[in-house]
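The values are calculated or read from the model by the stated rules, or taken from the named source; none is laboratory data. Treat the numbers as computed from the prediction; the structure is a model and nothing was measured. Note that each Cβ is placed from the backbone with ideal geometry, even for glycine, and that neighbours are counted across all protein chains shown. All accessible areas refer to the heavy atoms of the entire protein, side chains included, with ligands and DNA or RNA removed. Shrake-Rupley method; radii C 1.70, N 1.55, O 1.52, S 1.80 Å.
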Amino acid sequence: MQITNRALLLAGGLLIGLGLIFLALNFIPGWSFGKAWPLIFFLLAAGFIVPISMFPMYREWIGALFIPGALMVAFGLIFFYNTLTGDWRMWAFGWLLLPTAVGIGLALAAGYSGWGKTVVDVGLWLALAPLALFALFGALFGGWLLRIVGPALLLLAGLGLLVRSIGRARG
């Protein structure tokens with residue numbers, strides 16, 4: 001398939017997705033654009049991530065689109081949480097999810113594009129440190145949901161570090 005056709009396919013798919021979302025909002029009782037507007041960030045994320053699979057011939061550099069795609073997913077998740085729970089105070093520490101998203105995007109990009117294990121590791125550490133701080137602040141100062149999710153994230157991060165430490169000690 002030619003590059004022009006792939007780009008048109010992508011643009012058409014995104015417009016269809018947007019149309020389906022707006023149409024569905026009219027049929028879901030109790031939902032309105034005021035509650036569903038964070039979906040726009042997920043569509044933007046798809047606009048960055050879908051081309052990665054559509055243009056594999058540019059693998060060396062197109063993987064970099066994982067970074068803005070991960071950021072759009074993070075914005076979508078944060079704003080969905082804010083909209084559904086009304087906990088807008090979370091932004092006091094919620095911004096820590098943005099460098100986490102950059103780290104995840106960097107690790108995905110490096111893994112996909114073959115930038116090397118060192119870049120993948122940098123991305124993972126860039127994701128882990130602010131995520132741990134977000135979890136700590138969420139456990140201490142967050143709304144009811146973040147007071148559950150925060151400690152769970154801290155437990156998972158601690159277990160991950162222990163498993164990694166044991167794996168290195170054996171290897």
- Query: In this structure, is Leu108 over 19 Å from Trp95 (Cβ atoms) and either within 16 Å of the chain's Cα centre (by Cα) or part of a loop (DSSP other than H, G, I, E, B) (or both)?
  - Reply: yes
- Message: Quick check on my filter: what residues within segment 14-38 are at pLDDT below 85 and touching a helix residue (DSSP H, G or I) at 6+ places or on another chain (Cβ under 7 Å)?
- Response: Leu14, Gly17, Leu18, Ile21, Leu25, Trp31, Ser32, Phe33, Lys35, Ala36
- Item | Residue pairs meeting the criteria (Cβ under 8 Å; at least 6 apart or on separate chains; first under 14 Å from Thr85 (Cα atoms), in segment 132-154; second among the β-branched types (Val, Ile, Thr) and part of a loop (DSSP other than H, G, I, E, B)) | none
- Within segment 105-127, how many residues turn out to be open to solvent by less than 80 Å² (accessible area, probe 1.4 Å) and either more than 22 Å from Leu161 (Cα to Cα) or among the charged types (D, E, K, R) (or both)? 5
- Message: Going residue by residue through segment 130-148, is there one that turns out to be modelled with pLDDT of 90 or more, loosely packed, with under 12 Cβ neighbours inside 10 Å and of a type outside the set (A, V, I, L, M, F, W, C)?
- Response: no
